[in-house]
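Worksheet for the structure shown next.
The values are calculated or read from the model by the stated rules, or taken from the named source; none is laboratory data. A quick note: this is a predicted structure, and the numbers were derived from the prediction, not measured. Using ideal geometry, Cβ is built from the backbone for each residue, glycine included, and neighbour counts are taken over all protein chains shown. Note: accessible area is taken over every heavy atom of the protein model, side chains too, but ligands, DNA and RNA are not part of it. Shrake-Rupley method; radii C 1.70, N 1.55, O 1.52, S 1.80 Å.
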Amino acid sequence: MELSNNFTIKVERLSLEYHELIRKRNNPFGRIIPFQALKEIDFEIGRGETVALLGRNGAGKTTLLSCIAGQLRPSSGKIITDGRVIVLKGADPGLVPDLSGRQNVTELGSAYGVGDDEISDFVASVEEFANLGSAIGTFAGGFAIASLL
């Protein structure tokens, strides 16, 4: 699987299976049950594209983002990225409500390993990606951001 110059993320036949320990009164040791969190997902995201993941709670949106960011190892399939992926996910990705959006992006970017020489470009890319405009200077309150460097 190769990336053309037009794609920044390519996912091919991505699957992830969890194993849950189920315990019942008559069996205190329990048994392990497989749970298919993601099943054979394929997609490509082109350079400059804005993509939204929509689905009900438990549909696998956060699990997929965690795989793409390298925080979870898929059971099978491939993920290829052109550049570094930084994912700030969930209802509370760690934003400090008393800081502006710009300050939060700067702090979180540094925490995710964005170098001092890259941080201003990173903040600008998040501002552009999320179409925040002047709102990036206001208190965060609660928004979620994903960006690809």
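Overview of results
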{"read-out": "Ranking by accessible area, most exposed first, for PHE29, PHE139, PHE43 with a 1.4 Å probe", "value": "PHE29, PHE139, PHE43"}
{"read-out": "Net length gained if the chain between ASN57 and ILE33 were fully extended (0.36 nm per residue, minus Cα distance)", "value": "6.6 nm"}
{"read-out": "Viscosity 1.002 mPa s, 20 °C: Kirkwood-radius Stokes-Einstein D of segment 15-82 over Cα pairs, µm²/s", "value": "151 µm²/s"}
{"read-out": "Reachable aspartates and glutamates, given that their alpha-carbon falls under 16 Å from the alpha-carbon of LYS78 and they are not under 8 places away in the same chain", "value": "GLU2, GLU12, GLU17, GLU40, ASP42, GLU44"}
{"read-out": "Charge sum, other residues only, whose C-beta stays under 9 Å from ILE41's C-beta, Lys/Arg counted +1 and Asp/Glu -1", "value": "-1"}
{"read-out": "Length added when fully stretched, PHE139-ARG13, from 0.36 nm per residue minus Cα-Cα", "value": "41.4 nm"}
{"read-out": "Cβ-derived FRET efficiency at R0 25 Å, ASP121 paired with LYS78, nearest 0.05", "value": "0.30"}
{"read-out": "Tensor-based shape of segment 17-135 (alpha-carbon gyration tensor, a/c under 1.5 rounded, otherwise prolate or oblate)", "value": "prolate"}
